[in-house]
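Asker: Here it is: the structure, laid out below.
Read-outs throughout are calculated quantities, based only on the coordinates presented, and are distinct from any laboratory measurement. This structure is a prediction, so every number in the text was calculated from the model and none was measured. All Cβ positions, even for glycine, are placed from backbone atoms using ideal geometry, and neighbour counts span all protein chains on display.
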2 protein chains.
Amino acid sequence: MFESAELGHKIDKASYDETVPVLRADLLDAQYDVGALKKFPVLILINGVEGAGKGETVNILNAWMDPRHILTHAFADASDEERERPFMWRFWQALPPKGKVGILFGNWYSDPILRHARGECKTAQLDQRIEEINRFEAMLAQEGVLVLKFWFHLSKSAQKDRLKTLSKDPDGAWRVTDHEWELYKMYDRFRAVSEHVLRHTSSAHAPWIVVEGADARYRYVTVGRILLDAMRKRLAQEERGWHSRVNAAPLPPATDTRDLLNTLVLRQKLAKEDYAKQLEKCQGRLAMLSRHARFRNHAVAVVLEGMDAAGKGGVIRRLTCALDARQYRVIPIAAPTEEERAQPYLWRFWRQVPRKARVAIFDRSWYGRVLVERVEGFCAEPDWMRAYAEINDFEDQLVRDGIVVAKFWMAISQEEQLKRFQEREKTRFKRFKITDEDWRNREKWDGYEHAVCDMIDRTSTEIAPWTLVEADNKYFARIKVLKTLCERIEQALY
Amino acid sequence: MFESAELGHKIDKASYDETVPVLRADLLDAQYDVGALKKFPVLILINGVEGAGKGETVNILNAWMDPRHILTHAFADASDEERERPFMWRFWQALPPKGKVGILFGNWYSDPILRHARGECKTAQLDQRIEEINRFEAMLAQEGVLVLKFWFHLSKSAQKDRLKTLSKDPDGAWRVTDHEWELYKMYDRFRAVSEHVLRHTSSAHAPWIVVEGADARYRYVTVGRILLDAMRKRLAQEERGWHSRVNAAPLPPATDTRDLLNTLVLRQKLAKEDYAKQLEKCQGRLAMLSRHARFRNHAVAVVLEGMDAAGKGGVIRRLTCALDARQYRVIPIAAPTEEERAQPYLWRFWRQVPRKARVAIFDRSWYGRVLVERVEGFCAEPDWMRAYAEINDFEDQLVRDGIVVAKFWMAISQEEQLKRFQEREKTRFKRFKITDEDWRNREKWDGYEHAVCDMIDRTSTEIAPWTLVEADNKYFARIKVLKTLCERIEQALY
């Protein structure tokens, strides 16, 4: 879930100075419109790792907008008054009324995450809290509150750097106490717990927005843009005279040009002979694993996604070569049949859940809803927005049952795709592989890339991570998939 | 939650014979329309206590409708195929497609409830399962599935009678095995666990419908009517061309004339002198309790609801007499202020949550949403439907924090109300108490009674039960409230 927030997003000073005056003016206008309309409040939750600039961001928001209409609450330890009331009482007191913006800094998420990271409560208890939070936020959404949940993230090394820099700075040193270093020591544990909480509380009406906290300018502009976007979108809905009762929260617009895909080096080197050697080794390894005694308590679901001509078919052939034919099934996913359309979306994938000791290879998968169906508009926004959480739930159930879920995004460049399309048209036995539709999809390349980045951010989890495969070189891509798959199975078996 | 299902509902043979032919024909028609439209499936869940006629009801539904379009699944122990897949897999396989009716008998609720009742899993684990179920059913609702969840209930004595009768009957004896008697022995535990599960899974889109299982005719007609109603309501929505994405499930129509209110004997006896003596005793008891050392870790929220002129004011005066003025607050609830309307519904009640060692007396309360707002149409159906679950959540948080939530419905007859209205008009100092609105509300008596019964069924929980107070005799009513309140506080303190 934190992949996109570890790319080193940055905005240089010149473009920052150019962007901010416009953004500030727009934010003020939007804030004024929200205040004049008085139809909904805006609730901003600020959470994340220590040192990721949460406090500064709150200050900037207050500076950019009219602070008289922003209610900022920072929750530290409970007061006497608060301790004598149920846990949620103080948060209820802090809810902004319609027309106002409320910023809750240290909110109902802080205590459950910290307590669990410190080992003070069990997973099952944490999950009870999560359930309560979900019900509470669903109620807020139904009541018309526009909820924006920001998670400020730093990689472990970035957090260390940041704490060190602050300690050395005479103006910042006071901010770094033992408490901050204690949190740094717990980084891995804190990250795992946060991931769990974010995954289970990222709903269609109030998804988490993960913001990389390393660069201050990037952080401010990103939060400002998302907030502006969300307010404008909701104002437009209200002006229309009605708004859907199942609002999907807005997805963040791109602030800089960096994303998960364009930071990949798509053409990796691997010579044909090296490939042949490695392939044999990998296939042998996979064959052994699939015949391992302990494999009888497990199963594998391989998910292959990628643009057209990304080389999914080639990978599948290399996988199946290593497996016993009675053991695997390749499941090509196309448009749903009539029978499948008569059922909830995930039904057709539940049918294909592999039995113990089997391997199911999905050539495209349940991610169709947040890729093709989203980009082509086959499905309404609230539906694909809720699909992220439903898919996470689905994979959670598979993994808990011992199934290894290995998901691969085969990433190719537009140039490489063009080359492969042209080759296919020339080669007789490959001609069936290319249709007019393939050419049309190519035109929506940017839309697809955006959807892929969102998908990875929202569904790459500790229990079922995505692997991005640089696939301009087919040899390299195939070896990466095979190796990763073997590693994932080994993790499950040993 | 089971109050309405312990009233001894019954339908006599003559009216049954008259009702059934029409009901069957209507059900068949509706089933045919659902099948022809193919826009949504109907999913019926059958759960409840042993011996409450679950199996027979499923048989009747199959007999009354066209069984070729009903998919009935009874889930017993998992097969090999099923054990090798995640827990939910077999239920996904059993979902009915659009246009069909699916009956799941022994479903995703059976295993969690039974395992917890047997002590095989902890409450926190049960709550994890509940959370998964809630997400799953929310998804079904979003996907357009019409979900009807029936809970067949029997009181403990009714269950015993039923098992005995069956054992003696040569045709029924095979049904009563050691397993059934084992379940009977666990009755209290099973009831408590079921109540917990029902409370947490009764959502606006898929609330539980509790049906008394003792009388077969009542059971069949009730289930048939509810099913018919639900299908017709949904068909009407589909015909309108669109349907809300947050469908509220239909509330059951009344099948016989028995309900929680009209089975009360409203005029109870208590002479004035006895009253004076008992009042003094009760007030003394309450005074002592409120000064008890352990009371410092608790608080009390008294909720008084009732028709106009039911005597709430009189009760409040008798309560406050016994308390220290610094300790209690009387909170009259009228129409919300502008400030309150700018917040989520429960906000104004969260403000009034009492501190430790205090008593908050609510003259009308958060139940306004499911009473006056529902009956007068001040609030849309999906909103008051979700309020039941939100209120249960709210009270759950209060109780967990040590607050005693004591809820009283002051029940008077229409005749008694009329008498009191007329008195008020005659007595000068009481004249301010009666307005035109009071006369108007009287006209909606039946609507209010129906809403009250629904309210009690959906919000009377083990942790915060409703007390129905027979209030035609004011003396009796006051003593009952005081006594019950003392008992509830004593339970919390000792």
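Asker: Taking only DSSP H segments of four or more residues, each worth -39500 (n - 2.57), what value at 222 nm results for chain B once the sum is divided by all its residues, to the nearest 500 deg cm²/dmol?
Answerer: That comes out to -16000 deg cm²/dmol.
Asker: Quantify how much of the Cα-Cα distance distribution of the stretch A:1-49 extends past 15 Å, in percent.
Answerer: Tail fraction, whole percent: 69.
Asker: So how much slack lies between residue B:25 and residue B:446, counting 0.36 nm per residue of separation and subtracting their Cα-Cα distance, in nm?
Answerer: Using 0.36 nm per residue and subtracting the Cα-Cα distance, I get 148.7 nm.
Asker: Rg and Dmax of the stretch B:138-181 over Cα atoms: what are they, in angstrom?
Answerer: Taking only Cα atoms of the stretch B:138-181, I get Rg and Dmax of 17.0, 47 Å.
Asker: Can you tell which of A:218, A:409, A:370 lies farthest toward the positive end of the dipole of chain A, using +1 and -1 charges on the Cβ of basic and acidic side chains (Lys, Arg; Asp, Glu)?
Answerer: A:409
Asker: Now for a different question. For residue A:122, which aspartates and glutamates qualify as cross-link partners when the Cα separation must be under 19 Å and same-chain residues fewer than eight apart are set aside?
Answerer: Of all the aspartates and glutamates, those that pass the test against residue A:122 - Cα under 19 Å, at least 8 places apart if same chain - are A:111, A:131, A:132, A:188, A:195, A:396, A:462, B:120, B:127, B:131, B:132.
Asker: Along the charge dipole of chain A, pointing to its positive end and built from +1/-1 on Cβ of Lys, Arg, Asp and Glu, which listed residue (A:453, A:72, A:11) has its Cα farthest out?
Answerer: A:453
Asker: In addition: From the C-alpha coordinates alone, can you work out the Kirkwood hydrodynamic radius of the stretch B:245-393, in Å?
Answerer: 18.3 Å
Asker: Report the calculated FRET efficiency for residue B:356 and residue B:280 (r = Cβ-Cβ distance, R0 = 25 Å), to the nearest 0.05. Before the final figure, lay out each step's value.
Answerer: Details: r = 28 Å, r/R0 = 1.12.
The value I calculate is 0.35.
Asker: Treating cross-link reach as a plain straight distance, find the lysines whose alpha-carbon is under 23 Å from the alpha-carbon of residue B:480, omitting any fewer than eight places away in the same chain.
Answerer: The reachable lysines, counting only those whose Cα sits under 23 Å from residue B:480, are B:269, B:272, B:277, B:281, B:312, B:407, B:419.
Asker: With no solvent and one equal point scatterer placed on each C-alpha of the stretch A:100-238, evaluate the Debye formula and give log10 I(q)/I(0) for q = 0.22 Å⁻¹, two decimals.
Answerer: Once normalised to I(0) and log-transformed, intensities are -1.44.
Asker: Under 13 Å from the Cβ of residue B:207, count the other residues' Cβ atoms, weight Lys and Arg +1, Asp and Glu -1, and hand me the total. Write down the numbers at each step before the final one.
Answerer: Values: positive: B:149, B:199, B:386, B:458; negative: B:137, B:381, B:390, B:454, B:457.
Local charge sum for residue B:207: -1.
Asker: Here's another thing I want to ask about it. From the residues B:314, B:202, B:464, which one has its Cα farthest along the dipole of chain B in the positive direction, the dipole being from +1 and -1 charges on Cβ of Lys/Arg and Asp/Glu about the Cα centre?
Answerer: Going by the charge dipole, the pick is B:314.
Asker: Give the average, rounded to an integer, of partner chain Cβ atoms located within 10 angstrom of each Cβ in B:84-93.
Answerer: On the way: counts 11, 10, 11, 3, 6, 7, 1, 1, 10, 4.
Taking the mean over all residues of the peptide, I get 6.
Asker: Which three extents, in whole angstrom, do the alpha-carbon atoms of the protein assembly as shown cover along their principal axes, largest first?
Answerer: 105, 81, 50
Asker: Now, a different point. How much of the pair distance distribution for the stretch B:252-318 lies past 18 Å, counting alpha-carbon pairs only, in percent?
Answerer: 63 percent
Asker: Would you mind calculating the gained length between residue B:326 and residue B:287 on full extension (0.36 nm times residue separation, minus the Cα-Cα distance), in nm to one decimal?
Answerer: Once the chain is fully extended between residue B:326 and residue B:287, it gains 12.7 nm.
Asker: Taking the Cα centre as origin and putting +1 on Lys and Arg beta-carbons and -1 on Asp and Glu beta-carbons, what dipole magnitude results for chain A, to the nearest 20 debye? Please list the in-between numbers first.
Answerer: Details: 80 positive and 74 negative charges, 434 e Å.
My answer is approximately 2080 debye.
Asker: What is the stretch A:354-433 by shape, rounded, prolate or oblate, if you read a ≥ b ≥ c off the alpha carbon gyration tensor as root eigenvalues and call it rounded for a/c under 1.5, prolate for a/b larger than b/c, and oblate otherwise?
Answerer: oblate
Asker: Using +1 on the beta carbon of Lys and Arg, -1 on that of Asp and Glu, and nothing else charged, what's the dipole of the stretch A:127-220 about the Cα centre, debye to 20?
Answerer: That gives the stretch A:127-220 a dipole magnitude of about 320 debye.
Asker: Given bins 10 angstrom wide, list per bin the percent of all Cα-Cα distances in the stretch B:449-493, short to long.
Answerer: Per 10 Å bin, starting at 0, the Cα pair percentages come out as 24, 43, 31, 2.
Asker: Mean separation of Cα pairs under 8 Å and 6+ residues apart, divided by the residue count of chain A: what relative contact order is that in percent?
Answerer: It rounds to 19 percent for chain A.
Asker: Rounded to whole Å and ordered largest first, report the semi-axes of the equivalent ellipsoid of the stretch B:372-494 derived from its Cα gyration tensor (root of 5λ).
Answerer: Values for the stretch B:372-494, descending: 29, 22, 12 Å.
Asker: Beyond 25 Å, what share of the Cα-Cα pairs of the stretch B:1-111 is found? Please give it as a whole percent.
Answerer: I get 36 percent for the Cα pairs in the stretch B:1-111 exceeding 25 Å.
Asker: Any chance you could get the radius of gyration and Dmax over the Cα atoms of the stretch B:85-165, in Å?
Answerer: 15.5, 44
Asker: Taking the mean number of other Cβ atoms within 10 Å as a proxy for protection, how do you rank B:358-365, B:155-162, A:43-50 from highest to lowest?
Answerer: Highest mean packing first, the order is A:43-50, B:358-365, B:155-162.
Asker: Say a paramagnetic label sat at a point 7 Å from the Cα of residue B:195, along Cα to Cβ; which residues of the stretch B:144-187 have their backbone N under 20 Å from it?
Answerer: B:150-160, B:183-187
Asker: Based solely on C-alpha atoms, express the radius of gyration and the Dmax of chain B in angstrom.
Answerer: Here Rg and the maximum Cα pair distance are 24.2, 80 Å.
Asker: Treat every Asp and Glu Cβ in the stretch B:1-84 as -1 and every Lys and Arg Cβ as +1, leave all other atoms uncharged, and give the resulting dipole magnitude about the Cα centre to the nearest 20 debye.
Answerer: In debye, rounded to 20, the stretch B:1-84 gives about 320.
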